[in-house]
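The values are calculated or read from the model by the stated rules, or taken from the named source; none is laboratory data. It should be emphasised that the depicted structure is a prediction, and the values quoted were computed from it without experimental measurement. Heads up, the Cβs are rebuilt from the backbone with ideal geometry, glycines too, and the neighbour counts pull from every protein chain shown. Accessible surface areas use protein heavy atoms only, side chains included; no ligands, DNA or RNA. Shrake-Rupley method; radii C 1.70, N 1.55, O 1.52, S 1.80 Å.
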Amino acid sequence: MLTADALTVEFGGQTLFSDVSFVINEKDRIALMGKNGAGKSTLLKILAGVREPSKGKISYPKGTVVAYLPQHLLLEDNRTVFEETATAFSAINEMEQRIEAINQELSDRTDYESDSYMQLIEEVSALSEQFYSIEEINYDADIEKTLMGLGFQREDFQRKTSEFSGGWRMRIELAKILLRRPDVILLDEPTNHLDIESIQWLEDFLINSAKAVVVISHDRAFVDNITTRTIEVTMGRIYDYKANYSHYLELRKDRRAQQQKQFDEQQKMIAENKEFIERFKGTYSKTLQVQSRVKMLEKLQILEVDEEDTSALRLKFPPSPRSGNYPVIAEGVGKRYDDKTVFANASFMIERGDKVAFVGKNGEGKSTMVKIIMNELEHDGELKLGHNVKIGYFAQNQASLLDENLTVFQTIDDVAEGDIRTKIKDLLGAFMFGGDNSFKKVKVLSGGERTRLAMIKLLLEPVNLLILDEPTNHLDMRTKDILKQALKDFDGTLIVVSHDRDFLDGLITRVYEFGGGKVIPHLEDIYGYLEKKKNSFF
């Protein structure tokens, strides 16, 4: 379906990857994996045709439709959500209009034997064959089904797209891609702005309705659920596994162990031969053997062991000062904006040491409740914080609030107080900002680096109530695992807003579901809650 042939990408004399070849077949669902900077997004852009390789080429059969969702979108439009989504069918509409125009021209003309008349017949025949091979589509119904699957409400359909945040505009672009029913779908971090229900809907669509999919994602559960093949980009080349992410990790570990074994054996052989050469290089009777071994070593191709990313975030929260038994008590809490009720009459108690998740569709009030706990919003009812509660807060847009013109060091130095000021360099080193990295300007940092930098602020003073609103967006899987372990070890109370099921699994023991104007407590972990919710539909 799509062939990548001998792709090479070079930046200013540096080779990102070289001589990369593979084929994407129908029904392939591929995860592109590799550490940050390995070239995953670059490779995806080449597959999408939005950038050219230094060498090599991409080829696919005529008529193949390739759709690409980049990690960052820049959209400017004044259409409604429904009108913008309907542009997914513009190519089909244009094809139908062209067929009608040609048929009208053919009926008006009488030069039946001319070359131009025959060319029109050939064009309309080819277009008609293509047009009538497309499955009959109920455009309005399909648009509605897709938009609602991605979390929109019917009342959103006639709102201007300019009214929506970047995350919701990303969903509109995703809806257009899915409605085009392309032969190959290329997705770069598609789950960053989706809630759990929308992610599950997208999983179901990709598994049951998509033809071929290539995805870059740091959402382990999403990747494991949808993919059947993993292509790892590392050290300028690729490894292709017919396995999902979790199985690939096992196979990669085995591969590296085998490489290490072969490398060690080769190094031992080289050392033995060098010792022989050194020992007998002046011995006449051994001259031929010495020369033979010298030539053999000169021609020898040294085996490589795949690099292992040994840089690691070292994260440990300071011991918590003791709080009261119930850090958060909500009694009849509600929030309205004009005539819209976000939620009403929410009552719950969070006990000291609890680790809970706020889940639900976007816009149902999770972040609103967080802001009420932070005393940033007026509200109905009463929300009380317990004795000696000290809050550490990571906002959903925390990384974007950083001053881009400051360096990494200045960002922390400006807010650090007391004894911690003498340990800023150690703290930055623990978050992989050691050495010259501490002098980087914030504006050159990646999304993951900005999130790590914003998270350092949580460690500047001891707290006993951590509130994290979407802390894992832009973090790679390794960093998420380290953060998760640090939160499991945290001896205070935790409230986390997250759509990442794998991150929540084993971390939280209770779920508060936001939806339909209510806040409903569930005494299960995340997968217990999702299973209960799934069963409630049947």
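Below is a table of values for the structure above.
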| read-out | value |
| --- | --- |
| Single residue of segment 22-59 satisfying the filter (small (Gly, Ala, Ser) and either closer than 22 Å to Glu189 by Cα or in contact (Cβ under 8 Å) with a residue 60 or more places away in the chain (or both)) that is surrounded by the most Cβ atoms within 10 Å (Cβ to Cβ) | Ala31 |
| Matching residues in segment 45-72 - criterion: being closer than 15 Å to Ala6 by Cα and of a type in the set (A, V, I, L, M) | Ile46, Leu47, Ile58 |
| Selection within segment 401-436 - touching a residue at least 12 places away in the same chain (Cβ under 8 Å) and open to solvent by 60 Å² or more (accessible area, probe 1.4 Å) | Leu401, Asp403, Glu404, Asn405, Val415, Glu417, Lys425 |
| Scan of segment 504-529 for residues that are crowded, with 19+ Cβ neighbours inside 10 Å, touching a helix residue (DSSP H, G or I) at 6+ places or on another chain (Cβ under 9 Å) and assigned to a helix (DSSP H, G or I), ordered by number | Leu504, Ile526 |
| Pairs with Cβ under 8 Å, 6+ apart, first in segment 471-497 and loosely packed, with under 15 Cβ neighbours inside 10 Å, second in a helix (DSSP H, G or I) and modelled with pLDDT of 95 or more | none |
| Every pair of residues 6+ apart whose Cβ atoms lie under 9 Å, when the first sits in segment 160-173 and is under 13 Å from Phe82 (Cα atoms) and without any contact (Cβ under 8 Å) to a residue 24 or more places away in the chain while the second is outside any helix (DSSP H, G or I) and open to solvent by 50 Å² or more (accessible area, probe 1.4 Å) | none |
| Of residues in segment 338-360 being touching a Ser or Thr at 6+ places or on another chain (Cβ under 9 Å) and in a strand (DSSP E or B), the one nearest to Leu459 (Cα to Cα) | Lys355 |
| Criterion: within 22 Å of Phe164 (Cβ to Cβ) and acidic (Asp, Glu) - qualifying residue of Asp414, Asp338, Asp354 | Asp338 |
| Filter pass, Asp19 being surrounded by 18 or more Cβ atoms within 10 Å (Cβ to Cβ) and among the acidic types (Asp, Glu) | no |
| Among (1) modelled with pLDDT under 90; (2) of a type outside the set (Ser, Thr, Tyr); (3) under 30 Å from Leu2 (Cα atoms); (4) open to solvent by 50 Å² or more (accessible area, probe 1.4 Å), the one test that Asp306 misses | (4) |
| Qualifying residue in segment 312-331 (condition: open to solvent by 50 Å² or more (accessible area, probe 1.4 Å), outside any helix (DSSP H, G or I) and under 30 Å from Glu232 (Cα atoms)) | yes |
